[in-house]
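Working notes, beginning with the structure itself.
The values are calculated or read from the model by the stated rules, or taken from the named source; none is laboratory data. In this text, all values refer to a predicted model and were calculated from it rather than measured experimentally. Cβ coordinates were reconstructed from backbone atoms using ideal geometry, including for glycine residues, and neighbour counts include every protein chain displayed. SASA here: full protein model, heavy atoms, side chains in, ligands and nucleic acids out. Shrake-Rupley method; radii C 1.70, N 1.55, O 1.52, S 1.80 Å.
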Amino acid sequence: MTEQEIYKGLAGVPVDYSAISKVNPETNSLLYRGYPVQELAAQKSFEEVALLLWGGELPSESELADLVAQERAGRALADNVRAVIDALPKSAHPMDVVRTAVSIIGANDPDAEDPSADAELAKAKALFAALPAIVAYDQRRRHGLELVEPRDDLDYSQNFLWMTFGEEAAPEVVDAFRVSMVLYAEHSFNASTFTARVITSTTADLYSAVVGAVGALKGALHGGANEAVMHTFDEIGEAANVEAWLDDALASKKKIMGFGHRVYKNGDSRVPTMHAALERLVEHYDRPDLLELAEALEKSFGERKGIKPNLDYPAGPAYHLMGFDTQTFTPIFAAARITGWTAHIMEQAAANSLIRPLAVYNGVDERHLDG
Ligand code: SDX
């Protein structure tokens, strides 16, 4: 029997068309609906980028004003969402809290099963608006702190930080946060987005697809890496310990979190922009030691294995400096990626084709109960 070729992990396998973003490892570039992500991160709000991903064009002033009004109106935690979060142990993984909250929001939505384009976009906007309060409240409750109500006079990024910390963040911090949300928003057929597309391809509802995507993003090989990066830094302690730590890690065949990528093999196109944002935060908080550690590990691992950082590598320490708990990092990633996920859900729904690959059977030969 000829050996059937297997494409493990679908590595390098194009499985459909998508007009939402273009990840180009040859040129080390990432385009959102044709625009380089670096330009968007430098000049556009996360709200504008969300509308670009959903609709294909940057918004007019009135379109942006509509989203801003809808996002502000949808910020507050629904009573039963808050009640369910309060019913979960404080030790619950924050991504499990996000996954559960999305389920409640879906159950609350009378239009959850409405597949029309208008209804899908409304659901996307509802989750876009609701996730920050969920992420912020879960961090606060873990510290025994009360809910901070959203403020309509603050934009998306300012309000996310306000609800988390109960104080207005400095402009440098708000801008670094905004940059991270734009960079995390979308990345073509990554594991969590493809999960959402598979679920959508069966004609299941948007909320079900997002719950699945949250589950996929939690894993340390994917979104969970930004938390794992901070655990690595905590383990290493300071730049002087990098070589010894790396000796041990590589000897035990450990994956170094925040490094490598399935598609980018010469470095992640988003890293320079996030690294620059991290440098601005390091200056603002006067933490050169953290940057020294990050750069020492990047240099040494690069010299030894030639593997470069991905976006999670600078994003983790950036969120740490902003004051987020390490276990809150991936929920923040989810709050950004809800835009890309829902753009893909809408694109997949329009494609209307079931995703169902094959397996090559390598189990026992056929046999029968009566021998
Ligand atoms: C994200 O897909 C996306 O677009 C995802 C994402 C997005 O925006 O949605 O970009 C976000 O998930 C970024 C990736 C975050 N994950 C991590 O940082 C976890 C650590 N990274 C590795 O697990 C790994 O690099 C992957 C999973 C990201 C990619 O792995 P691949 O493409 O399957 O490559 P591989 O594991 O086959 O590695 C090839 C070789 C192997 O060595 P050999 O077995 O051939 O000797 O490189 C080695 C690997 O061991 N390698 C690493 C490594 N990454 C690859 N060795 C140590 N540490 C690493 N981080």
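Annotations for the structure displayed:
- Cα centroid of the range 236-253 to Cα centroid of the range 175-224, whole Å: 32
- Every Cα-Cα pair in the chain was counted, and those over 36 Å apart are 23% of them.
- Take the Cα of Leu64, step 7 Å toward its Cβ, do the same at Thr203, and the gap between the two points is 3.9 nm.
- Cα centroid separation - the range 79-107 against the range 108-128, whole Å: 19
- Each of the chymotrypsin sites (Phe, Trp or Tyr not before Pro) that DSSP puts in a loop and that has at most 13 other Cβ atoms within 10 Å breaks the chain; the longest unbroken stretch is 18-360.
- If you look at the Cα atoms of the range 224-321, you get an Rg and a Dmax of 12.5, 37 Å.
- Pairs spanning more than 32 Å between alpha-carbon atoms, out of Lys123/Lys255; Lys22/Lys255; Lys22/Lys308; Lys218/Lys253; Lys44/Lys218; Lys123/Lys299: Lys123/Lys255; Lys123/Lys299.
- Cβ-derived FRET efficiency at R0 30 Å, Asp248 paired with Gln4, nearest 0.05: 0.15
- Set of aspartates and glutamates with alpha-carbon distance to Lys305 below 18 Å, sequence-local pairs under 8 removed: Glu243, Asp247, Asp248, Asp268, Glu295
- By the rule of a C-alpha distance below 14 Å, with chain neighbours fewer than 8 residues away ignored, the aspartates and glutamates paired with Lys265 are Glu26.
- Sites Arg304 and Asn80 - FRET efficiency at Förster radius 35 Å, r taken between beta-carbons, to 0.05: 0.10
- Based on every Cα atom in the range 19-106, Rg and the maximum pairwise Cα distance Dmax equal 17.5, 49 Å.
- Pairs of Cα atoms farther than 19 Å apart, the range 80-182, %: 49
- Carbon and sulfur %, accessible surface of the range 213-352 computed with the full protein complex present, 1.4 Å: 51
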